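Below you will find the structure I want to go over with you.
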Amino acid sequence: MTISLRLLVLCALSSTVFSQCDDNGVVYASGDKWIRNNHFLVTCRNGMIQTLKCVTDSGHLLDVGSKTFVEQGYEYTCSHEAEENLNTNSCPTFADFSDDIFKDRFAICCISRRFKGCVDVNGDIIKHGYFIIGNRSLKYCRLHANQRQARIEPKGCFNGTVNDDINDEDLHIKKYAVWREGDIEYRCGDDGVHIQRCFPKELKNKAVWAGTAWIQDDGQVKTCGKIN
Ligand SMILES: *[C@@H]1O[C@H](CO)[C@@H](O)[C@H](O)[C@H]1NC(C)=O
Ligand SMILES: *[C@@H]1O[C@H](CO)[C@@H](O)[C@H](O)[C@H]1NC(C)=O
């Protein structure tokens, strides 16, 4: 007999804002770890429940993607569910909100088996309207009336902070717009706002492209933009 433990991969989100996870009415703080459905060691990351390991009946921890493990006649498989196989028909009969499915930046409700909204940089679900996915990249989440179809539209960039109103169009920047703030030139590209050029005083305000590094007269090493 084979018991297959299938894991659903939740979308990986980068975020600097910490938010809690609600697992069936129990609230966990970001970073908390707990056992879920007896067989999964999970953690709360940015408001999303993420599976870390599978747990066998005797408490043995299995890495996701590890070889099958046999214990007391049971063969355990701990694997990511392939994204192509995401199917609302695999939602449990008595689904709750913790069974929501995530694909790319879409959230699908397992109870109604309909789109629920889009997932923003903080892991929050936006039902309809503007949201940000990182690097101040601005998107618009649009659900069809029947909620069986959803679309994320690119809307350029958001030139505000978390305290600003995302619907404030004065803070919306068109894609490929270029502007200067002090000695830095920014550009709104396909994946948000990035530094395009710098005008360092040390280099007599001569423009250098992002990706440039230089040594100042005092020996300090400077770079223009974030160099990965
Ligand atoms: C973005 O905001 C900064 C600071 O408020 C401002 O100086 C700049 O002009 C804005 N850029 C655009 C393209 O509106
Ligand atoms: C933010 O910018 C980095 C560097 O260009 C890029 O790798 C990353 O995908 C961007 N993030 C988003 C959410 O677009």
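Each value in this text was obtained by applying a stated rule to the coordinates, not by laboratory testing. Given the structure is predicted, the values throughout are model-derived calculations rather than measurements. Here Cβ is always computed from backbone atoms with ideal geometry, including for glycine, and neighbour counts include all displayed protein chains.
Tell me which residues come under 5 Å, amide H to amide H, from residue 46 once H is placed; ignore anything under 5 positions away on its chain.
Here 19, 31 satisfy the definition.
Given the pairs 33/103; 139/226; 155/226; 33/226; 33/67, which are separated by over 28 angstrom at their Cα positions? Could the numbers behind the result be given before it?
Values: 33/103 23 Å; 139/226 23 Å; 155/226 23 Å; 33/226 33 Å; 33/67 24 Å.
Those over the limit are 33/226.
Work out how much length residue 214 to residue 144 would gain on full extension: take 0.36 nm times their residue separation and subtract the Cα-Cα distance, in nm to one decimal.
Details: separation 70, 0.36 × 70 = 25.20 nm, distance 5.13 nm.
Result for the pair: 20.1 nm of gain on full extension.
For the range 44-54, just list the computed ³J(HN,Hα) in residue order, Karplus coefficients 6.51, -1.76 and 1.60, θ = phi - 60°, integers in Hz, with x standing in for Gly and Pro.
9, 10, 6, x, 10, 7, 10, 7, 9, 8, 9
Report the FRET efficiency, 1/(1 + (r/R0)^6), for residue 165 and residue 72, where r is their Cβ-Cβ distance and R0 is 45 Å, rounded to 0.05.
Details: r = 58 Å, r/R0 = 1.29.
With R0 = 45 Å, the Cβ-Cβ based efficiency is 0.20.
Hand me the trypsin sites (Lys or Arg not before Pro) from the range 67-168 located in a DSSP loop with no more than 16 other Cβ atoms within 10 Å, in residue order please. Each step should come with its number before you reach the end.
Values: sites: 67, 103, 105, 113, 114, 116, 127, 136, 139, 142, 148, 151, 155; in loops: 67, 105, 113, 127, 136, 148.
Passing both the DSSP loop test and the Cβ count: 67, 113, 127, 148.
Could I ask something else about it? Give me the distance in nm between label points sitting 7 Å out from Cα along the Cα-to-Cβ direction at residue 228 and residue 57, one decimal.
Placing both labels 7 Å along Cα→Cβ, they lie 4.6 nm apart.
Testing the spin-label approximation: label points 7 Å from Cα along Cα→Cβ at residue 204 and residue 97. State their distance in nm.
That separation, rounded to one decimal, is 6.2 nm.
Spin-label point model (7 Å from Cα, Cβ direction): what's the residue 79 to residue 33 distance in nm?
2.5 nm
Given +1 on the Cβ of Lys and Arg, -1 on the Cβ of Asp and Glu, and no further charges, what dipole in debye does the chain carry about its Cα centre, rounded to the nearest 20? Please list the in-between numbers first.
Values: 28 positive and 30 negative charges, 136 e Å.
The calculation lands at about 660 debye.
Turning to a different aspect of this structure: So which aspartates and glutamates can residue 222 reach, going by Cα to Cα under 19 Å and dropping same-chain residues fewer than 8 places off?
Leaving aside aspartates and glutamates fewer than 8 places away in the same chain, those within reach of residue 222 are 181, 183, 185, 202.
Working from the alpha-carbon coordinates of the chain, get Rg over Rh, Rh being the Kirkwood radius.
1.09
Shifting gears a bit: Let me test this: with uniform point scatterers at the alpha carbons of the range 178-223, what is the Debye-based log₁₀ I(q)/I(0) at q = 0.22, 0.28 1/Å?
Reported log10 I(q)/I(0), two decimals: -0.74, -1.02.
Then there is this: Within 10 Å of each candidate Cβ there may be at most 12 other Cβ atoms; applying that plus a DSSP loop requirement, which chymotrypsin sites (Phe, Trp or Tyr not before Pro) in the range 146-220 survive?
Values: sites: 158, 176, 179, 186, 209, 214; in loops: 176.
Filter output for the range 146-220: 176.
Now a separate question. Restricting attention to the range 36-125, which GluC sites (Glu not before Pro) occupy a DSSP loop and are surrounded by at most 14 other Cβ atoms within 10 Å? Could the numbers behind the result be given before it?
Working: sites: 71, 75, 81, 83, 84; in loops: 81.
When the GluC sites (Glu not before Pro) of the range 36-125 are filtered for loop state and at most 14 Cβ neighbours within 10 Å, 81 remain.
For the chain, give me the percentage of DSSP beta bridges that are antiparallel, rounded to the nearest 5 percent. Walk me through the numbers on the way to the answer.
Values: 55 of 61 bridges.
Among the beta bridges of the chain, antiparallel pairing accounts for roughly 90 percent.
With unit charges on the beta carbon (Lys/Arg positive, Asp/Glu negative), name the residue among 123, 207, 74 whose Cα is farthest towards the positive pole of the charge dipole of the chain.
Highest projection toward the positive end goes to 207.
Please report, in debye to the nearest 20, how large the charge dipole of the range 172-228 is about its Cα centre when each Lys and Arg carries +1 at its beta carbon and each Asp and Glu carries -1 there.
Details: 10 positive and 8 negative charges, 45 e Å.
About 220 debye.
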